[in-house]
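A short write-up of the structure that comes next.
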Amino acid sequence: MLLRLQPDGGTFPDQSGVRGGMIFSPVETARIDGALWLQLHEIRGWLPVEWNRTTICEQVELEHAARGYKAVQPTVSRRWPTIDMPLPQEAARSQVVTGSVAWFSWRLRTPQLEFLCTDTISPLTGRWVLTTSLSGAPLMQPVTLNRGCYKQRALVRTAVFEHPTHNSPRQDKVVVREGAIFDASCMYQDHDGTSWYFLADGMGWIPRTNQANAQVCEDALLTHKPGMYRVTSSPSTAVYHTTSMRCPRGPETELRHGAIFEATHQACGDGVLWVKLADGSGWVPEATQDGELLWEPVPLTTTPGVEVTVEHGNGPIYTTSSFTCRRSDNVALKQGSTAAVDCSLQVDGITWYRLGDGMGWLPGY
């Protein structure tokens with residue numbers, strides 16, 4: 001059925017139309033010569049409820065499904081709740097394999113069929129699946145899928161599975177490092193009692209235990225605790241990808257002795273306390289496995305609205321509160337210039353100021 005630019009006639013030049021089964025929300029109605037027209041929001045234009053004594057569209061009621069379902073037979077997902085097969089260009093993303101589990105937010109019932117929609121916000125943008133085949137065979141089975149915010153720490157390097165079963169294909173080139181703390185949005189327990197976590201970024205599933213019943217991940221106690229720290233180890237300390245001593249980053253990321261760094265979170269791993277760097281570059285342990293302390297907390301004084309003035313020569317800017325960490329581009333403040341600062345700290349009797357524009361640190365000598 002062609003859309004009309006206006007309810008009294010005319011069509012779109014590109015012959016845009018509405019496919020059977022499409023769901024839309026009219027934003028306005030108009031009655032012209034006794035015929036009811038609906039204005040679409042999703043596709044600009046007007047559509048008659050009836051045309052040439054043929055019903056074009058009908059009102060439907062959507063229900064909130066709000067639960068998990070598991071595919072018990074291979075099936076397909078569709079752009080709209082219709083029995084039409086997906087277009088060839090949609091074939092790859094339309095396959096729903098046996099064993100896949102997903103959260104469905106909407107349900108549409110017709111006299112013969114029932115459809116489920118995956119989208120959590122609007123049924124107008126999700127994918128739809130049938131709960132039973134046209135012959136009446138079940139395709140989707142309701143399961144308990146707990147939604148929430150689950151923080152887990154990987155105890156071993158582990159693969160990510162496409163579906164919550166050990167026989168599922170693994171995502172190519174997607175692994176979770178040992179010690180990594182990851183967020184999951186759903187937890188599902190299969191018939192064997194294994195708990196599976198669905199990654200919050202949608203990449204796939206990670207089991208709580210593997211097929212040998214060895215634990216793969218554990219609950220992570222991640223505490224939001226911003227603070228400033230000073231490196232005490234000599235000559236430097238390593239930065240790690242995750243909260244595991246077996247996942248160090250390269251030498252170029254090491255923090256030199258005396259460097260001041262900012263952290264946002266704390267967590268435990270390998271029996272020691274870790275802090276997460278505020279710039280997102282990784283984690284730093286409080287101590288080595290031999291017990292040598294690597295950093296110490298530094299008291300930080302906030303100074304909102306304070307400005308400092310460079311009185312003697314040009315004032316070089318440093319990446320941290322250490323004279324060994326001058327910026328590589330040699331940026332400096334000219335003599336007599338002033339700059340706003342947001343905090344200060346004491347290091348070896350010298351007051352350091354952090355520039356409010358994030359450019360770095362300035363010594364107060």
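The values are calculated or read from the model by the stated rules, or taken from the named source; none is laboratory data. Here the structure is a predicted model, which means the values were calculated and not measured. Please note: Cβ atoms are built from the backbone with ideal geometry, for glycine as well, and neighbour counts cover all protein chains shown. The accessibility values were calculated without ligands, DNA or RNA, using every heavy atom of the protein model including side chains. Shrake-Rupley method; radii C 1.70, N 1.55, O 1.52, S 1.80 Å.
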Would you say VAL143 is modelled with pLDDT of 90 or more and over 21 Å from HIS241 (Cβ atoms)? yes
Within the range 306-326, can one find any residue that is in a loop (DSSP other than H, G, I, E, B), of a type in the set (Lys, Arg) and surrounded by 11 or more Cβ atoms within 10 Å (Cβ to Cβ)? no
Which residues, counting only those in the range 303-347, are modelled with pLDDT under 80 and closer than 30 Å to CYS268 by Cβ? THR319, THR320, SER321, SER322, CYS325, VAL347
Quick one: would you say LEU355 is surrounded by 11 or more Cβ atoms within 10 Å (Cβ to Cβ), modelled with pLDDT under 90 and of a type in the set (A, V, I, L, M)? yes
Yes/no for PHE198 being within 25 Å of ASP270 (Cβ to Cβ) and among the aromatic types (Phe, Trp, Tyr): no
For THR118, are the conditions met, namely being polar (S, T, N, Q) and open to solvent by 20 Å² or more (accessible area, probe 1.4 Å)? yes
Test of understanding: among MET187, MET203, which residue is open to solvent by 20 Å² or more (accessible area, probe 1.4 Å) and either without any contact (Cβ under 8 Å) to a residue 12 or more places away in the chain or under 20 Å from TYR69 (Cβ atoms) (or both)? MET187
Residues to consider are VAL175, VAL160; find the one that is modelled with pLDDT under 90 and touching a strand residue (DSSP E or B) at 6+ places or on another chain (Cβ under 6 Å). VAL175
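Taking the condition open to solvent by less than 60 Å² (accessible area, probe 1.4 Å), out of contact with any Cys (no Cβ under 6 Å at 6 or more places or on another chain) and free of Cβ contacts under 8 Å to residues at least 40 places away in the same chain, does THR209 pass?
Working: open to solvent by less than 60 Å² (accessible area, probe 1.4 Å): yes; out of contact with any Cys (no Cβ under 6 Å at 6 or more places or on another chain): yes; free of Cβ contacts under 8 Å to residues at least 40 places away in the same chain: yes.
Yes: the conditions hold for THR209.
I'd like the residue in the range 30-76 that is of a type in the set (Lys, Arg) and loosely packed, with under 15 Cβ neighbours inside 10 Å and, out of all such residues, is modelled with the highest pLDDT. Please lay out each step first, then the result.
Initially, the range 30-76 is screened for residues of a type in the set (Lys, Arg), giving 31, 44, 53, 67, 70.
The next check asks that each one be loosely packed, with under 15 Cβ neighbours inside 10 Å; those that pass are 31, 44, 53.
Numbers: ARG31: 88, ARG44: 70, ARG53: 82.
Per the stated criteria, the residue is ARG31.
Among the candidates LEU294, LEU273, single out the residue that is surrounded by 12 or more Cβ atoms within 10 Å (Cβ to Cβ) and free of Cβ contacts under 8 Å to residues at least 24 places away in the same chain.
So the residue among LEU294, LEU273 that is surrounded by 12 or more Cβ atoms within 10 Å (Cβ to Cβ) and free of Cβ contacts under 8 Å to residues at least 24 places away in the same chain is LEU273.
Test of understanding: among ASP14, ASP8, ASP84, which residue is at pLDDT below 85, open to solvent by 40 Å² or more (accessible area, probe 1.4 Å) and over 38 Å from the mean Cα position of the chain (by Cα)? Walk me through how you get there before you give the answer.
On the way: ASP14 fails: over 38 Å from the mean Cα position of the chain (by Cα); ASP84 fails: over 38 Å from the mean Cα position of the chain (by Cα).
Sole residue among the options that is at pLDDT below 85, open to solvent by 40 Å² or more (accessible area, probe 1.4 Å) and over 38 Å from the mean Cα position of the chain (by Cα): ASP8.
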Buried (at least 16 other Cβ atoms within 10 Å of the Cβ), under 23 Å from LEU221 (Cα atoms) and either free of Cβ contacts under 8 Å to residues at least 24 places away in the same chain or out of contact with any helix residue (DSSP H, G or I) (no Cβ under 9 Å at 6 or more places or on another chain) (or both): does that describe GLN152? yes
